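The values are calculated or read from the model by the stated rules, or taken from the named source; none is laboratory data. Because the structure is a prediction, the values reported are computed rather than measured. Note: ideal-geometry Cβ built from the backbone for every residue, glycine included; neighbour counts use all protein chains shown.
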């Protein structure tokens, strides 16, 4: 490829793992795609030893997943790679939809100011994976390349994994196994675990082309454009002057023929409409799929990312939801592995992330039905909405060229403590937290960068130095909990809280505004930056009860039926 040199990661002979086989390891991850690597990084941040197997020795071939939403970027910030991704990627907030050559709909993913990250970053998957590999290595994750998992045998207290390498095969046991081996998961197939849903009868061509163009960094989507009549086309800018173009082809298209350069290049030339020079970098054919496993937890096997669920690519819900899987899973798994929470806490990973997967599948299916209608009724509706959108603003909201990835609000999670006080706004228990600008140690900073990887009680005050004695006593009690809670003071007028409590200044008042907060308001924040509970005036018993509930140590958290796999 003209713009990227693929790295080769070093192979290590498995002599250390063969000695005394089968050895037992606390945590094994299968698959070094973005989601598997995120799981390994998060495990290290939680203080867990982790061993990762991948059958290849480089990053993925081709750009593949390219759109990373604001919430995914915030997760990558917590993992320590957000700056690398955003510095290399192309940021954008605006999407435009056209009928033929006329714009009929426009959206802005981040319409208000005061957020660290943009609505989306476009970056080829290979760049992201390389950054994740560097970070995982830096943190001490044990990454094994050219290690192919050929068999998994579930155990009552873990799993036995058979691995093939250039130097022979061996077995190894894991207390816990995270399966991140992608949409064609060999582990899922070998264990006979169903993946249910719908495969849509249409084909799309991905064409990555290298060219210099003055198009803005926006998402452009065409219905029935003159250069590709009766079909749809999507255009995205990536790094290194690479542009992603998706051409709808129809179900009858021959995938092998359509991937040939002599058939792709005329399509691109017709789209550009000029003599602009370009180079074809990569091409692929895909179909829409909206499917998921019935359950993501099977005993000590935990499925994440595309191995657990698949959605059509319009909407960028694949890798983004995969990052949210590991974001939800790893802090829970760490508490269980450290003996700080019951194993039933992991059933809430299954419940919450299958709920999120259903939401993604529902939105992705609606987009797919609009983009590729398969019935006379749905086509009539689609065409009518597009025609009306030319003149009538109300119809523009009906135009669905891919509702883009947003984080799941886990409002039904068993880990949430219901509100006892009245609040306005979106920061309900179960919500992913909104970011906002703050100042700390005399420097500009961001709220979410002060949170994550541990439980935090975020307390609002007028002046930090005047924090009331009750709040100080509460902070001391929470620090002594079996799962310690750190107190973070958010002060309207700056200052430093007593006893060395971490303090930030609500620089523009946006933290209080977005959290409907006043002096005395407090939020209990999970390690994955989701709201667990909130109060106008917290007291020790209420916060302790909410912490017990958020860590699965409360009778209020009724464990669902356990799911296992026969050996």
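Taking residue 405, is it under 27 Å from the mean Cα position of the chain (by Cα), farther than 27 Å from residue 538 by Cα and modelled with pLDDT under 95? So residue 405 passes the test. Candidates in region 432-456 are the residues that are in a loop (DSSP other than H, G, I, E, B) and in contact with a helix residue (DSSP H, G or I) (Cβ under 6 Å, 6 or more places away or on another chain); of these, the one that is farthest from residue 547 (Cα to Cα) is 436. Among residues of region 89-116 that are at positive phi, those with a beta-carbon under 8 Å from a residue that is loosely packed, with under 13 Cβ neighbours inside 10 Å and part of a loop (DSSP other than H, G, I, E, B) at least six positions away or on a different chain give the pairs 100/226. Would you confirm, using the coordinates I've provided, whether residue 131 is modelled with pLDDT of 95 or more and under 26 Å from residue 207 (Cα atoms)? When the stated conditions are applied, residue 131 passes them.
Residue 532 meets all of the listed conditions (1) under 25 Å from the mean Cα position of the chain (by Cα); (2) modelled with pLDDT of 95 or more; (3) in a loop (DSSP other than H, G, I, E, B) but one, namely (3). Taking each residue of region 249-278 that is in contact (Cβ under 8 Å) with a residue 12 or more places away in the chain and looking for partners that are in a helix (DSSP H, G or I) with beta-carbon atoms closer than 6 Å, six or more apart or interchain, yields 249/258.
Only strands (runs of 3 or more DSSP E) whose full extent lies in region 14-104 are considered here, and the ones with at least 3 residues that are touching a strand residue (DSSP E or B) at 6+ places or on another chain (Cβ under 7 Å), modelled with pLDDT under 95 and surrounded by fewer than 24 Cβ atoms within 10 Å (Cβ to Cβ) are 94-99. When each of 491, 533 is tested for being in contact with a strand residue (DSSP E or B) (Cβ under 9 Å, 6 or more places away or on another chain) and within 23 Å of residue 418 (Cβ to Cβ), the lone residue that passes is 533.
Close Cβ contacts (under 7 Å, 6 or more residues apart or on different chains) running from residues in region 371-388 that are over 12 Å from residue 99 (Cβ atoms) to residues that are modelled with pLDDT of 85 or more and part of a helix (DSSP H, G or I) comprise 373/382. Just one of (1) closer than 30 Å to residue 335 by Cβ; (2) surrounded by fewer than 20 Cβ atoms within 10 Å (Cβ to Cβ) fails for residue 184. It is (1). When 304, 233, 242 are checked against the criterion of being free of Cβ contacts under 8 Å to residues at least 60 places away in the same chain and under 26 Å from the mean Cα position of the chain (by Cα), 233 stands alone in meeting it.
Residues in region 335-366 that are within 27 Å of residue 200 (Cβ to Cβ) and surrounded by fewer than 22 Cβ atoms within 10 Å (Cβ to Cβ): 354, 355, 356, 358, 359, 362, 363, 365, 366. Does residue 114 count as more than 25 Å from residue 32 (Cβ to Cβ), under 24 Å from the mean Cα position of the chain (by Cα) and surrounded by fewer than 19 Cβ atoms within 10 Å (Cβ to Cβ)? Here the answer is yes, as residue 114 does meet what is asked. Residues in region 134-184 that are assigned to a loop (DSSP other than H, G, I, E, B), at pLDDT 95 or above and within 16 Å of residue 60 (Cα to Cα): 146, 147, 180, 181.
Residue by residue through region 461-475, note down the ones that are surrounded by fewer than 21 Cβ atoms within 10 Å (Cβ to Cβ) and over 15 Å from residue 542 (Cβ atoms). Correct list: 462, 463, 465, 466, 468, 469, 472. Checked against the criterion of being under 27 Å from residue 288 (Cβ atoms), in contact with a helix residue (DSSP H, G or I) (Cβ under 7 Å, 6 or more places away or on another chain), modelled with pLDDT of 95 or more and part of a helix (DSSP H, G or I), the candidates 335, 329 yield just one match: 329.
Scanning region 457-492 for residues that are in contact with a helix residue (DSSP H, G or I) (Cβ under 8 Å, 6 or more places away or on another chain), touching a residue at least 60 places away in the same chain (Cβ under 8 Å) and either assigned to a strand (DSSP E or B) or under 16 Å from residue 517 (Cβ atoms) (or both) turns up 457, 459, 460, 485.
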